[in-house]
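Report on one structure; see the data block that follows.
Nothing in this text is a laboratory measurement; each read-out follows from the coordinates by a stated rule. Since the structure is predicted, the reported quantities are computational estimates derived from the model, not experimental observations. Virtual Cβ from ideal backbone geometry, glycine too; neighbours counted across all protein chains shown.
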């Protein structure tokens with residue numbers, strides 16, 4: 001769960017302006033910002049008309065502008081912008097979640113130490129920092145306000161890629177804790193109305209609201225460890241192992257390399273013949289790590305991830321490239337890494353002139369390691385398996401490597417957008433991200449919007465959360481048992 005929160009709390013290198021979240025912005029200011037947003041999308045995005053027509057895109061902005069006929073607060077306008085951005089069905093073009101909450105963190109806003117997940121049409125506690133609110137409880141009210149109402153309001157900020165509706169709902173779940181201060185008054189001491197499985201009555205329990213600083217201190221007490229992100233669990237009795245990868249972006253690539261090498265040696269040593277790759281809650285990261293993973297899963301020699309990247313050079317992307325790969329270094333890098341296709345293509349994109357749109361194609365596959373898994377493969381996904389994880393799911397399906405179990409992921413077969421660039425709207429200081437590349441898993445350039453759907457879809461129950469049961473894993477054990 002931690003890695004998806006990192007994904008949602010994207011922290012750009014840009015510093016955004018100060019804003020009073022309680023102040024009202026005049027209609028003329030809101031119109032100015034909406035015009036700026038539309039202009040920046042056209043300048044930065046490689047193609048905003050993949051999942052919508054130009055007419056639909058223009059109409060969405062025109063109707064939104066017409067509907068803004070009275071002053072709005074920071075959060076109210078944020079919800080409007082979140083909705084209008086969804087016309088592109090692009091999970092990387094959205095409100096900049098982490099930056100959006102900065103004004104609340106700098107003020108006296110309070111946050112909740114719990115995570116929710118919608119199951120059986122209930123808001124179920126998936127993780128709890130409160131002893132009186134056990135995991136698996138249904139959260140019904142906060143200070144007399146229905147939790148479902150807050151959840152619905154937050155849906156304005158959620159995202160999807162193509163038609164990944166399950167992904168949209170899961171991001172909505174994940175936003176609950178992060179965005180709650182924008183839509184409900186939380187105090188130091190709050191009251192939560194909950195239902196615990198097995199109870200015949202509801203419980204009204206205390207629930208402390210923590211400042212941003214206090215939440216940071218609590219996080220330090222349970223820091224993210226290597227084993228929380230990369231883990232191999234072996235169930236020798238079932239002849240099964242689960243390779244957990246909760247992020248393709250965690251720290252340096254060396255840790256990932258060593259984890260894969262060590263894990264697949266262990267699988268071979270123990271003679272395990274069933275392996276599930278677990279990408280649930282994995283919000284994405286490096287495509288090179290995805291490609292490296294697949295070299296351990298199959299000995300096919302022609303796996304290239306991505307197949308191509310479509311990129312538009314804007315002033316914003318040019319400035320980012322100038323910081324990450326300065327002009328004076330590019331010729332040196334090209335010479336020293338003349339056999340590294342990734343660096344060559346990256347430098348090619350960096351050298352584009354502002355306003356240019358180009359496509360770079362990848363041809364060189366990763367070398368297969370000595371230890372390639374030879375047994376049956378499975379894949380776990382859920383609605384928070386996004387970006388590089390959605391691309392992994394697409395490649396897993398394209399190669400027909402095995403059964404996919406869980407929920408539809410946050411993305412379709414064809415690929416996703418990426419490399420979002422941060423901008424700040426001039427009047428409201430609202431932080432927004434806009435995609436600058438298109439990452440394609442094939443060279444067909446066919447952009448079907450349907451998400452990668454599992455072969456076996458699992459709908460978790462509240463009771464399974466309460467009992468600590470991994471419903472996806474139990475389903476797989478039954479399959480292997482048969």
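Quick look at the numbers
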| quantity | calculated |
| --- | --- |
| Alpha carbon centroid spacing (whole Å) that separates segment 261-289 from segment 359-400 | 11 |
| Packing-based ranking, highest mean first, of 216-222, 439-445, 273-279, 419-425 given that Cβ atoms within 10 Å are counted | 273-279, 419-425, 439-445, 216-222 |
| Percentage, to the nearest whole number, of Cα pairs in the chain over 32 Å apart | 43 |
| Cα→Cβ-extended label distance, 7 Å offset, between residue 348 and residue 153, nm | 4.9 |
| For segment 96-230: rounded, prolate or oblate by the Cα gyration tensor [a/c cutoff 1.5] | rounded |
| Estimated 222 nm signal from helices in the chain, with DSSP H stretches of n ≥ 4 weighted -39500 (n - 2.57), rounded to 500 | -11500 deg cm²/dmol |
| Sequence ranges 78-88, 24-34, ranked by mean other-Cβ count within 10 angstrom, highest first | 78-88, 24-34 |
| Ordering of 123-130, 262-269, 431-438, 53-60 by packing [mean C-beta count within 10 Å, highest first] | 431-438, 123-130, 262-269, 53-60 |
| Part-to-part distance (alpha-carbon centres) for segment 119-195 and segment 26-95, which is given in Å | 26 |
| Theoretical gain in end-to-end length, residue 145 to residue 448 [0.36 nm per residue, Cα-Cα removed] | 105.1 nm |
| Simple spin-label estimate for residue 204 and residue 220 in nanometres, 7 Å along Cα-Cβ | 3.7 |
| Pairwise centroid distance, computed over Cα atoms, of segment 403-439 with segment 327-351, Å | 26 |
| Antiparallel DSSP beta bridges within the chain, as percent of all bridges there, nearest 5 | 70 |
